[in-house]
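In what follows, a structure is listed as C-alpha cells, so that the remarks can point back to it.
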Amino acid sequence: MRVSRVAIWLARKPLALWVRTRVRPEDAAQRLRGRGRPICYVLERQSLSDLLVLQEVCVAERLPRPSRRLKIGAERPRSVCYLGRRTGWIRTRVDRRPPGLLEELLAAAAVDPAFDVDIVPVAIFWGRAPQKEGSWLRLMLAENWALAGRFRKFLTVLFNGRHTLVQFGEPLQLRGVMDEGLDHARAVRRIARTLRVQFRAQRAATIGPDLSHRRTIVAQVLSTRAVRAAVAQEMKEKNLSRRDALLVAKGYADEIAANYSHAFVSFMARLLTRLWNRLYDGVELHHLDTLQQVAEGNELVYVPCHRSHMDYLLLSYIIYVKGFAIPHTAGGVNLNLPVIGRFLRKGGAFFLRRTFRGNALYPAVFMKYLGLMMARGHSLEYFIEGGRSRTGRLLKPKTGMLSMTVRSYLRDPKRPVVFLPVYFGYERLVEGDTYIDELSGRPKKKETVWGLLRTLPQLRRKFGKVHVSLGEPIALNDLLRKHDTATLDVRAVSAVVDELAQTIMVNINSAAAVTPVSLLAMALLATPRQAMLEGDLIRQLELYLGLIQAAPYSDRIKLAQLGESAMSGAAIVRHAESMQLLERRAHASGDILRMDERSAVLQTYFRNNVLHLFAMPSLLACCFVSNTVLRTVDLQRLAWRIYPYIADELFLRWREDELDEVVAAILRVFAERGLLEYSAEGDVWRRPPPTAPQAMQLSVLAQGTIQIVERYYLIVALLIQAGSNAIGQEALVSRCRLTAQRMATLYGLSAPEFFDRTLFDNFIRLLRERGVIQTSPEGHLTFDEVLLNVASDAQVVLSEQIRHSILQVAHT
C-alpha cells in the first residue's frame with residue numbers, strides 16, 4: 001500500500017480526534033529512543049487505520065514517524081512495512097510472503113557494514129478495553145483472530161476506536177541477523193518468522209489463542225494415538241464394537257471440553273462489572289507487573305487458592321479487564337449444571353471428574369485434551385486445593401492436575417510453562433452461612449440450580465473489598481533442571497510435582513492481602529468472649545499493623561487501603577461497624593466492642609487467611625505466656641523445635657537454616673515496641689510487668705498460635721499416655737479428635753480446625769518423617785526419648801494450667 005504523505009496527514013487529523021490509544025509497555029518509547037538506531041516499524045496486517053494510529057502515537061511519544069524516509073535505495077522507502085498484506089477486493093486473502101522492505105534493508109546492510117536498523121513489531125488492538133465497552137455492537141466488533149474486511153474494519157474504528165491498544169514488541173537488530181552468516185533469502189525468512197512469532201505471542205497474550213470450533217478440538221483429541229489405544233482397550237475389556245467405544249470416548253470429550261466464545265466473554269465482562277459494583281466496594285489486583293513479565297512466550301498456568309465460587313469469575317474478569325487473555329478454567333463436574341454449565345463452557349471452563357479410578361479411557365481423553373490446550377498456547381487455571389477451604393487455611397494440595405500438566409509438557413515441550421500462584425482476600429463470603437453450617441457438622445449440600453437461586457437474596461448485603469494478589473511465578477524448566485526427568489521416571493516426576501505443589505502453596509501465602517476484617521478477627525478471636533475495650537482493641541490492631549510494616553513476612557504482602565488513606569486501628573473499627581461485624585456497648589471505662597457467637601465462628605475463616613503472617617511473632621510471644629525471662633538461645637531452640645510442624649501446617653516460607661535470623665529480627669521489633677526488654681548481661685529477654693499495656697498486647701498476640709501448640713501437645717500427651725508400640729495411627733487420631741472436641745466444648749474453643757482430623761494426620765505424618773516416631777511391623781507407633789524431649793519443650797511454651805487441662809481431659 002503506497003499512500004502519499006499529504007493523504008496520511010489529511011486522514012490522520014480526523015482519526016486523531018476520534019481514536020484514543022493506550023501504549024504497552026508504558027516505557028516502550030523511552031526504551032526505543034535509548035537504542036540510538038534508525039527504526040523500521042512492522043505492522044501485523046496491512047491497514048491504513050493501523051498506520052495512522054501508529055503515526056499519531058509516534059508523534060505523541062516523540063519517536064521517529066513511520067512516514068520518515070529511510071536512507072537506502074533510489075526510492076528511499078518509508079520506515080514501515082506490513083507482515084501480512086491483503087490481496088483481492090471481493091475474496092480477500094492474506095499474502096504472507098516477506099515484505100520487500102526487509103529485503104532492501106538486508107541488501108543495504110550487505111553493502112554498507114556500518115548500516116544498522118532496529119526492526120520494531122507493533123500490534124494494534126481495536127476495542128480491547130472491555131471495562132469501558134458500552135454496547136453490544138462494540139462487543140461484536142472487538143478484536144479477534146479473523147482477517148477483517150474493509151467495511152468491518154471501518155465499523156471497528158468507528159465503534160471501538162476510543163479503546164485502542166498499541167503494543168510495541170521487542171526490537172530486532174538487523175545487524176544481529178547479518179552476523180549469523182545466513183544467505184540473503186534465509187535471513188529474510190528468519191526475520192519474517194521471528195516477527196510472526198512475536199505477533200502471535202502478543203495477540204495470544206492479549207485476546208487469547210486462535211481456538212478452532214469445539215467439534216474440531218474433540219476430533220483432534222479422539223484421533224491421538226493414546227486415545228485410540230485406550231479405545232482399543234475399552235473394546236477388549238467391555239466387549240464393545242469400535243463405534244460404540246469411540247462414542248464413549250466422544251461422550252467423555254464432550255463432557256470435558258470448553259466451548260470458548262469471545263463474544264460471550266465480552267458480554268459477561270460488562271455484566272460482571274455491574275455485579276461487582278453492586279456486591280463489592282472494589283476489586284483490586286496486586287502485582288500486575290508480574291503478569292506483564294511472564295504473559296508473552298510462556299504457557300501460563302494460574303494456580304489460585306480456593307475460597308469461594310466467586311473465585312472462578314473474579315480471576316477471569318480481572319485478567320480480562322487488564323488486557324490479557326482469560327485462562328481455560330478446570331472445574332468439578334458438579335458445576336456442569338443445566339444452563340449454568342453451558343455458560344461456564346463459553347467462558348472457558350472445562351470439567352473433570354473428582355476421581356479417574358476404574359476407568360482407563362477417561363484419563364486418556366482428559367490428558368490429551370489438556371495437552372492440546374497447552375500446545376495451542378491457551379493459559380490454564382485450576383485450584384490446587386481441589387475444593388473450597390471451609391476454614392480459611394490453605395488445604396493440602398491435590399497434585400492430580402499438576403502431575404498431568406507436568407507430564408503433558410514433558411511429552412510435548414512446545415512452550416515454557418510458568419505457574420502463577422494467586423491469593424484471594426475477601427472481607428465477607430457469599431457462602432459464609434453455608435460454611436458455618438458445614439463446620440457445625442451438617443453435610444455438604446450438592447450444587448444445584450435451585451441452590452444457586454436461593455443464594456440470590458444474600459447479594460443485597462455489603463461484602464467489602466476483594467483483593468486478588470499475584471504471587472511469585474514458578475518456571476517449570478527451572479524446577480526440572482534440579483531433577484532427573486529425562487526418562488519420565490515415575491519417581492522423578494513425582495518429586496517434581498511434590499516440590500512444585502509445596503512451592504505454589506508457599507508463594508500463595510507470600511502474596512497475602514491483609515484486609516481490615518482479617519486483622520480485626522486476629523485481635524478479637526484471641527480474647528475469651530470475643531470482646532475488648534475500644535482503646536485496647538485499637539492498640540492491638542496498631543500492633544499488628546506495626547509488625548507487618550517493621551518485620552514484613554514477604555515483599556509481596558499488601559496492606560489494604562481504607563478509602564484514600566492507609567489503615568489504622570481506629571479506621572478498622574469504623575469499617576467493621578459499617579459492615580455490621582461489631583456490637584458496641586457503652587461503658588463508663590470505655591465502650592466495649594464485641595462479636596456475637598455466630599459471627600465469631602465465621603471470623604475464624606478470615607483470621608486464618610492471614611494467620612501465617614503472624615505465626616512466628618505469635619510463637620515467640622507464646623514462649624512468654626508462662627515465662628518471665630528467657631535466653632536468646634532458648635528462644636531459638638524452641639522456635640527450631642516447633643517451626644517445622646507449624647511451617648508444614650501454614651505453608652510458611654522460611655527454611656530451617658534461616659530461623660535464627662528471623663527470630664532475631666522479630667525480637668528486635670518486640671523490643672522497639674516495648675513488648676520485651678533485652679538485657680545484654682546474660683543475653684536474656686524479659687516480658688513487661690503484668691499491669692503494663694504491652695503485657696496484654698503480648699498475651700493477645702500469643703493466642704494466634706497457642707491453640708496449634710495445644711493441639712500438638714494433645715497428640716504427644718495421648719501417645720505417651722498410650723505407651724510405645726501400643727496404639728496405631730488410626731486409633732490415635734480418633735482419640736485425639738474426640739478429646740479435642742471435648743476440650744472445645746468445655747473451654748469454649750470456637751476454632752473448628754482445632755479438631756480437624758486432617759491436621760492430626762499431618763502432624764503424625766511429619767513426626768514420622770522427622771524420625772521422632774516410627775511404625776512397628778504390627779502398625780503400632782513407637783517412640784523413644786526424642787518424643788519426650790518434644791513434650792518437655794512444649795511444657796516451656798504452654799502454661800501449667802493449660803497442660804493440666806489437656807491432661808485432665810485426655811485422662812477422662
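Numbers at a glance
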item	result
Qualifying positions in segment 332-386 - in a loop (DSSP other than H, G, I, E, B), touching a helix residue (DSSP H, G or I) at 6+ places or on another chain (Cβ under 8 Å) and within 20 Å of residue 233 (Cα to Cα)	356, 360
Failed criterion for residue 180 (all others in (1) closer than 26 Å to residue 19 by Cβ; (2) outside any helix (DSSP H, G or I) hold)	(1)
The listed residue being under 14 Å from the mean Cα position of the chain (by Cα), at pLDDT below 90 and either closer than 25 Å to residue 397 by Cα or assigned to a strand (DSSP E or B) (or both), out of 317, 312, 302	312
Some residue of segment 634-653 being closer than 19 Å to residue 392 by Cβ, buried (at least 17 other Cβ atoms within 10 Å of the Cβ), without any contact (Cβ under 8 Å) to a residue 40 or more places away in the chain and not polar (S, T, N, Q)	yes
Residue in segment 599-633 that is farthest from residue 576 (Cα to Cα), counting only those that are among the aliphatic types (A, V, I, L, M) and open to solvent by 10 Å² or more (accessible area, probe 1.4 Å)	633
Residue list for segment 580-625, restricted to those being of a type in the set (A, V, I, L, M) and either in a helix (DSSP H, G or I) or closer than 30 Å to residue 639 by Cβ (or both)	600, 601, 602, 610, 611, 613, 615, 616, 619, 620, 621, 625
Complete set of residues in segment 276-299 that are aromatic (Phe, Trp, Tyr) and assigned to a helix (DSSP H, G or I)	276
Residue, nearest to residue 738 (Cα to Cα), within segment 750-771, restricted to residues that are among the aliphatic types (A, V, I, L, M) and either modelled with pLDDT of 90 or more or open to solvent by 10 Å² or more (accessible area, probe 1.4 Å) (or both)	759
Which listed residue is small (Gly, Ala, Ser), within 24 Å of residue 624 (Cα to Cα) and either touching a Ser or Thr at 6+ places or on another chain (Cβ under 7 Å) or open to solvent by 50 Å² or more (accessible area, probe 1.4 Å) (or both), from 724, 699	699
Filter result for residue 265 (surrounded by 14 or more Cβ atoms within 10 Å (Cβ to Cβ), among the β-branched types (Val, Ile, Thr), at pLDDT below 90 and within 26 Å of residue 373 (Cα to Cα))	yes
Check on residue 549, surrounded by fewer than 21 Cβ atoms within 10 Å (Cβ to Cβ) and assigned to a loop (DSSP other than H, G, I, E, B)	no
Out of 234, 255, sole residue that is of a type in the set (Asp, Glu) and either crowded, with 20+ Cβ neighbours inside 10 Å or under 22 Å from the mean Cα position of the chain (by Cα) (or both)	234
Of all residues making up segment 364-377, the number that are at pLDDT 90 or above and open to solvent by 30 Å² or more (accessible area, probe 1.4 Å)	2
Close pairs from segment 547-572: first touching a residue at least 60 places away in the same chain (Cβ under 8 Å) and aliphatic (A, V, I, L, M), partner buried (at least 20 other Cβ atoms within 10 Å of the Cβ) and part of a loop (DSSP other than H, G, I, E, B), Cβ under 9 Å, at least 6 apart	548/557; 560/427; 560/515; 560/567
The one condition in (1) at pLDDT below 85; (2) β-branched (Val, Ile, Thr); (3) open to solvent by less than 60 Å² (accessible area, probe 1.4 Å) that residue 124 fails to fulfil	(1)
First in segment 682-694 and without any contact (Cβ under 8 Å) to a residue 12 or more places away in the chain, second anywhere and assigned to a helix (DSSP H, G or I) and surrounded by 10 or more Cβ atoms within 10 Å (Cβ to Cβ), Cβ under 7 Å, 6 or more apart	689/695
Residue count for segment 560-579, restricted to those that are open to solvent by 50 Å² or more (accessible area, probe 1.4 Å) and either in contact with a Ser or Thr (Cβ under 9 Å, 6 or more places away or on another chain) or in a helix (DSSP H, G or I) (or both)	3
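The values are calculated or read from the model by the stated rules, or taken from the named source; none is laboratory data. Computed from a predicted structure; not experimentally measured. Positions of Cβ are generated from backbone atoms using ideal geometry, with glycine treated the same way; all protein chains shown enter the neighbour counts. Just so you know, the surface numbers come from the protein's heavy atoms only, side chains and all, with ligands and any DNA or RNA stripped out. Shrake-Rupley method; radii C 1.70, N 1.55, O 1.52, S 1.80 Å.
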